[in-house]
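Participant: The structure follows.
Only the coordinates and a few stated rules stand behind these numbers; no lab work does. For clarity, every value in this text was computed on a predicted model and none was experimentally measured. Quick reminder, even Gly has a Cβ in these numbers, built from the backbone with ideal geometry, and neighbours come from all protein chains shown.
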Amino acid sequence: MEFNIQQVRNDFPILSRQVYGKPLVYLDNGATTQKPRVVIDCINNYHTSLNSSIHRGVHFLSDQATEAFENARETVRRFINARHAHEVIFTPGTTAAINNLAFAFGERYIAPGDEIIVTEMEHHANIVPWQMLCERKQARLKVIPFTDQGLLQTETLQQLINDKTKLIAVIHVSNTLGTVNPVADIISLAHRHSIPVLVDGAQSVQHLSIDVSKTDCDFFVFSGHKAYGPTGIGVLYAKEKWLEEMPPFQGGGEMVDVVTFEKTTWNELPFKFEAGTPNYIGAIALAEALKYLTSLGAGNILEYEHQLLRYGTEKLLALGYVTLYGSAPDKSSILSFNINGVHPYDAGMVLDKAGIAVRTGTHCAQPVMQHFGIDGTIRASLALYNTTDELDILADTLQKVKTMFG
Ligand code: PMP
């Protein structure tokens with residue numbers, strides 16, 4: 001399909017609104033993306049005509065909703081190319097997926113003295129749950145550092161690995177630096193030592209073509225709301241072997257087979273890991289978002305976003321007073337920067353009044369800020385509906401910021 005930016009923009013109702021009387025320039029897509037009409041309509045239609053709890057009812061509506069929910073699971077499976085639909089566990093989001101995994105994996109595999117490796121560029125969601133697990137189990141967290149360019153020093157991984165290493169958890173695309181990490185290489189090295197790898201795909205699934213079978217990752221997590229889907233829904237993909245071996249992370253309805261006061265047995269996959277009434281409408285709407293991305297074409301999205309990234313990078317550097325953080329050759333559409341001599345928060349306020357939504361601060365990645373010795377950055381994170389005109393508006397407004405504060 002031809003990638004027509006005006007048509008794409010028309011698919012997102014919110015993009016035509018104004019803020020402070022100015023056209024909205026939404027550059028905070030790393031935090032959450034806007035929703036296309038197909039997703040909004042899907043949520044409305046389900047509440048209007050199909051709402052019913054899944055898996056439990058014997059009536060028409062429940063059957064229909066159950067079928068749609070399981071079809072959504074299959075859509076996710078296809079989108080990330082998992083081998084089995086039952087390897088797709090719906091969760092409330094990336095954070096919930098990682099916390100749940102840390103609990104279940106920790107219960108089954110982590111003993112005192114064991115080690116878990118993360119990277120210096122992780123989002124807090126892929127640090128803190130592992131740190132909490134290490135504290136619970138007297139295990140140890142180790143860190144792969146990155147260079148000032150924003151590249152993981154993967155050559156250190158070989159030295160960090162030993163026979164105590166139980167898991168490597170790595171961010172696929174950095175939410176602060178944009179770096180696309182060489183996850184396939186990390187996985188292949190880890191697997192040579194029989195170590196499983198978790199890939200945090202919260203910032204990759206909406207930009208890159210994902211193939212969990214090809215990269216052979218053991219765990220892959222993402223959030224619906226950053227991939228044009230709704231909030232409150234996300235995915236934990238895990239290889240069947242791990243899901244079979246790990247205990248459930250929550251107990252309750254649907255995850256059980258037989259319950260007696262003496263003993264309870266677990267339901268089959270994936271239900272063993274989906275206790276309680278799931279966010280089925282969220283899952284169904286997430287599947288709509290993924291189908292929408294598929295209809296645009298992963299290659300088209302990647303090419304368009306790369307053009308935007310190149311254009312935005314040149315624009316910012318041409319200003320002459322901007323420090324850009326993250327210049328990896330393989331980079332996704334995130335521009336993290338500071339205006340020399342201006343606090344990011346001050347810049348964010350002025351940008352806001354111009355109708356430009358960016359994020360300022362540490363982006364839930366304080367170790368990245370500590371690496372550079374800074375308080376925070378301004379982050380413009382680009383999506384498939386952004387335009388070069390919007391990047392012009394950003395650059396013009398930054399000039400005003402510099403004049404006001406510089
Ligand atoms: N990992 C990364 C790389 C992220 O960017 C985010 C969100 N900023 C998360 C994890 C957490 O996602 P959520 O808040 O949707 O759970």
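Participant: Mean separation of Cα pairs under 8 Å and 6+ residues apart, divided by the residue count of the chain: what relative contact order is that in percent?
Facilitator: On the way: 784 pairs, mean separation 92.1, N = 406.
Across the chain, relative contact order equals 23 percent.
Participant: Could you tell me which chymotrypsin sites (Phe, Trp or Tyr not before Pro) in region 8-64 are loop residues by DSSP with no more than 16 other beta carbons within 10 angstrom of their beta carbon?
Facilitator: Details: sites: Y20, Y26, Y46, F60; in loops: Y20.
Sites meeting the loop and neighbour criteria: Y20.
Participant: Along the Cα→Cβ direction, 7 angstrom out, place labels at K291 and D257. What is the inter-label distance in nm?
Facilitator: Result for the modelled spin labels: 3.4 nm.
Participant: Longest exposed-loop-site-free stretch of the chain, with GluC sites (Glu not before Pro), DSSP loop and at most 14 other Cβ within 10 Å?
Facilitator: Details: sites that count: E2, E262, E268.
Longest stretch, sites excluded: 3-261.
Participant: For region 199-292, run through the trypsin sites (Lys or Arg not before Pro) and keep only the ones in DSSP coil with at most 12 other Cβ atoms within 10 Å of their Cβ. Write down the numbers at each step before the final one.
Facilitator: Working: sites: K214, K226, K239, K241, K263, K272, K291; in loops: K239, K263.
Filter output for region 199-292: K263.
Participant: Any idea how far apart L160 and V143 come out in nm if each label point goes 7 Å out from Cα toward Cβ?
Facilitator: Distance between label points: 1.0 nm.
Participant: Still on this structure, please answer the following. How much length, in nm to one decimal, is gained on full extension between Y321 and L302, taken as 0.36 nm per residue of separation minus their Cα-Cα distance?
Facilitator: This chain segment gains 4.0 nm when fully extended.
Participant: Can you give me the C-alpha center-to-center distance between region 1-70 and region 259-334, rounded to a whole angstrom?
Facilitator: 15 Å
Participant: Also: Given charges of +1 on the Cβ of Lys and Arg and -1 on the Cβ of Asp and Glu, with all other atoms neutral, how large is the dipole of region 40-295 about its Cα centre, in debye to the nearest 20?
Facilitator: Values: 20 positive and 29 negative charges, 34 e Å.
Once rounded to the nearest 20, the dipole reads 160 debye.
Participant: Length gain on complete extension for the stretch F60 to T48, per 0.36 nm per residue less the alpha carbon to alpha carbon distance? Walk me through the intermediate numbers first.
Facilitator: Details: separation 12, 0.36 × 12 = 4.32 nm, distance 1.50 nm.
Gain on extension, F60 to T48, equals 2.8 nm.
Participant: Starting at the first residue of region 83-97, write each ³J(HN,Hα) from the Karplus equation 6.51 cos²θ - 1.76 cosθ + 1.60 with θ = phi - 60°, in whole Hz, x for Gly and Pro.
Facilitator: Going residue by residue, I get 6, 10, 4, 6, 8, 9, 9, 7, 10, x, x, 5, 4, 5, 4 Hz, with x marking Gly and Pro.
Participant: Quote to one decimal, in nm, the extra length available between T388 and N81 on full extension: 0.36 nm per residue of separation minus the C-alpha distance between them. Walk me through the numbers on the way to the answer.
Facilitator: Details: separation 307, 0.36 × 307 = 110.52 nm, distance 3.25 nm.
Working it through step by step, the gained length comes to 107.3 nm.
Participant: State the antiparallel share, in %, of DSSP beta bridges confined to the chain, rounding to the nearest 5.
Facilitator: Values: 27 of 45 bridges.
Bridges in the chain are about 60 percent antiparallel.
Participant: With springs connecting C-alpha atoms under 10 Å apart, model the chain as a Gaussian network and identify which of D352, D330, D163 has the largest mean-square fluctuation.
Facilitator: So, out of D352, D330, D163, the one fluctuating most is D163.
Participant: Go through region 56-113 and name the trypsin sites (Lys or Arg not before Pro) that are in a DSSP coil and have 12 or fewer other Cβ atoms within 10 Å of their Cβ. Display every interim value, and only then the final one.
Facilitator: On the way: sites: R56, R73, R77, R78, R83, R108; in loops: R56, R83.
The qualifying sites are R56, R83.
Participant: Still on this model: Please check: in the Gaussian network model of the chain (C-alpha springs, under 10 Å), which one of A318, A125, A289 has the largest mean-square fluctuation.
Facilitator: Highest fluctuation of the listed residues: A318.
Participant: Still on this structure, please answer the following. Can you find, among T179, P92, N279, the residue sitting farthest towards the positive end of the charge dipole of region 40-295, where Lys and Arg contribute +1 and Asp and Glu -1 at Cβ?
Facilitator: The Cα lying farthest towards the positive end belongs to T179.
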